[in-house]
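**Q** Mind having a look at this structure? Questions to follow.
The values are calculated or read from the model by the stated rules, or taken from the named source; none is laboratory data. Everything quoted here is computed from the prediction, not taken from an experiment. We place every Cβ from the backbone using ideal geometry, glycine too, and count neighbours over all the protein chains shown.
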Amino acid sequence: MPLVRRLYRLAVTGALLLGAACSHDDDAPTAPTTATVAGTYNATRFVVTSPLGAEDVLQEGGTVTATLVADGTLSGHVTVPSRSIDEDFAGRWKLQNGQVEIEDVPSDTFVEDISFKPVGKTLVGDETFNGVRVELTLTKQ
């Protein structure tokens, strides 16, 4: 009987140690920080959908570039040939509720109106304005 008790105790102790070792999950996703989000981005998806149909802005020669600096400043350029948009922009950005929010952009671009969700090395924006959906994915370079 003492041998059975020792084996039982050893098994229980091993299970407890194994459970404690596995309780800390290093692979769990971490919340984005200004340091992890900061960087230079280029549009890899830019689709505008209205009641008239969908327009792939990148296929038509459009671009969006943005540099987000860890101090909260932002600069970039947007080109949408079908709308005669070709503008630089600058402003500020911040993380709010897990989203990248762009603000204080004095030029009249739509970029300030989109909230971006950090997903790996991308910022994914999907907003609808007056029945027009804008899907914009920026990928870190």
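**Q** With the requirement that a residue be modelled with pLDDT under 95 and touching an Asp or Glu at 6+ places or on another chain (Cβ under 8 Å), what does the stretch 72-101 give you?
**A** S82, the sole residue that qualifies.
**Q** For L52, are the conditions met, namely being of a type in the set (A, V, I, L, M, F, W, C) and either exposed (fewer than 15 other Cβ atoms within 10 Å of the Cβ) or on the phi > 0 side of the Ramachandran plot (or both)?
**A** So L52 passes the test.
**Q** Could you tell me which of the residues V57, V37 is buried (at least 16 other Cβ atoms within 10 Å of the Cβ), among the hydrophobic types (A, V, I, L, M, F, W, C) and farther than 15 Å from R92 by Cα?
**A** Sole residue among the options that is buried (at least 16 other Cβ atoms within 10 Å of the Cβ), among the hydrophobic types (A, V, I, L, M, F, W, C) and farther than 15 Å from R92 by Cα: V57.
**Q** Restricting to the stretch 95-138, what's the tally of residues that are in contact (Cβ under 8 Å) with a residue 40 or more places away in the chain and of a type outside the set (S, T, Y)?
**A** The qualifying residues number 13.
**Q** Here are some residues: D126, D108, D71. Which one is of a type in the set (D, E), closer than 25 Å to T30 by Cβ and in a loop (DSSP other than H, G, I, E, B)?
**A** Selected residue: D71, the only one of D126, D108, D71 that is of a type in the set (D, E), closer than 25 Å to T30 by Cβ and in a loop (DSSP other than H, G, I, E, B).
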